[in-house]
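Taking it in order: structure first as structure tokens, then the write-up.
The values are calculated or read from the model by the stated rules, or taken from the named source; none is laboratory data. Computed from a predicted structure; not experimentally measured. Positions of Cβ are generated from backbone atoms using ideal geometry, with glycine treated the same way; all protein chains shown enter the neighbour counts. Remember, those area values only see protein heavy atoms, side chains included, never the ligands or the DNA or RNA. Shrake-Rupley method; radii C 1.70, N 1.55, O 1.52, S 1.80 Å.
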Amino acid sequence: MLDVIVIGLGAMGSMTAWQAAARGASVVGIEQFPLAHSRGSSHGGSRIYRQILFEGKEYVPLARRTLDLVRGLERESGASLFTPSGGIVIGTRGGPLIEDALTSAAAGEVTYEYLEPDELGKRFPQHAAFDDDVAVYEPGAGVLHPEACVTAAAEAARRAGARIRTGSAVRALHVADGHVEVVTGEETFTARRVVLASGAWGLDLLPGVGLPLRTQRSCLAWFKARQDQGDYRPGSFPVFVRESRDLDGWGIPDVDGQGVKVGVGGTVKKRWLERPEDNWEPPSPQDLAPTEEFCRRAFPGLDPRVAHATACMNSKTPDGDFIIGTVGGTDRVVFAGGFSGHGFKHCAAVGLICAQLALDGRTEFDIEKFSPERFKDA
């Protein structure tokens, strides 16, 4: 009998398989698509990493441990998984985004600089700032590379003895007394516990578990700089989050020559999906119009026509917080989902938590905020 079966080898699942196998556990990881695929939520070339976290102080230990683990995975794999760039939060003076950033930095003891409008303009002239815009600069922020992280974690799991199955869809999950059984089209596996980390497909194998998860389409777009109109590489252009006046968006420097990656925030209406497969169509002009308008107004040095775009999706909870814990009235099924568009910066720590829950029945982290039980009466 195996110790752990991990279903879904995206960001969270691949890290879980790695962490469990690294402890000497017998592990099988199962992924219905190729490794580091573009069908789910763990792709797109780059993701923001920051420790100034508006989502709550409970996330700070996860972000810190993730960077430590990713740095260790870089050394082990030889792959480049994190690019330092610094990060800025831009908002209206006294506005909620800036106040939340300052509160988060203080609570997490995160090093930062407060930039007045003139300092913001001098240091980061790429941004078209309003006269009441200020910024909080975090020197330790940067860019995680999702496909590289997923691949490196899965390969590290394999080197530690895990069996990795890709292109293999799970047909059924059975929970019995003292074990679980997972059936694919080719094999049947038995283990003490299963970790379900399959993103937008997360509840397909648990029809009786009523977690209020919805899946939202999120289109990613890249923009090229106009000729001689500023430097948008990591050394000069930090990752950013911006909410000032009616501008609401985020972005990542040009880390790979494809351009600056830009997205719009939660105030922009995005389509809810009936099923994950509905997201596989390419971004339409209507999908990309809000991002192009944000780019046009926020970056005079960028060509506001999308140079490249791809569709992503987010599995969301009503409160925006993660779901991590056992479900289905049994300690045999560990569920990790609902990462709501801000999970990747925590992926390695989430993998560690899931491995600890699966192997030990407990974790060193405070995960009460993420308990599935909070939706019990929803």
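Structure values in brief
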{"quantity": "Matching option when the condition is modelled with pLDDT of 95 or more, hydrophobic (A, V, I, L, M, F, W, C) and open to solvent by less than 40 Å² (accessible area, probe 1.4 Å), among VAL134, VAL60", "calculated": "VAL134"}
{"quantity": "Meets criteria (of a type in the set (A, V, I, L, M) and without any contact (Cβ under 8 Å) to a residue 12 or more places away in the chain) for ALA349", "calculated": "no"}
{"quantity": "Residue count for the range 14-31, restricted to those that are closer than 19 Å to THR188 by Cα and either within 22 Å of the chain's Cα centre (by Cα) or hydrophobic (A, V, I, L, M, F, W, C) (or both)", "calculated": "7"}
{"quantity": "Single residue of the range 53-95 satisfying the filter (among the β-branched types (Val, Ile, Thr) and touching a Gly at 6+ places or on another chain (Cβ under 7 Å)) that is farthest from THR111 (Cα to Cα)", "calculated": "THR83"}
{"quantity": "ALA107 over 20 Å from GLY235 (Cβ atoms), of a type in the set (Gly, Ala, Ser), surrounded by 15 or more Cβ atoms within 10 Å (Cβ to Cβ) and touching a residue at least 24 places away in the same chain (Cβ under 8 Å)", "calculated": "no"}
{"quantity": "Residue in the range 29-46 that is at pLDDT 95 or above, charged (D, E, K, R) and open to solvent by less than 30 Å² (accessible area, probe 1.4 Å) present", "calculated": "yes"}
{"quantity": "Meets criteria (at pLDDT 95 or above, touching a Gly at 6+ places or on another chain (Cβ under 6 Å) and surrounded by 14 or more Cβ atoms within 10 Å (Cβ to Cβ)) for PRO117", "calculated": "no"}
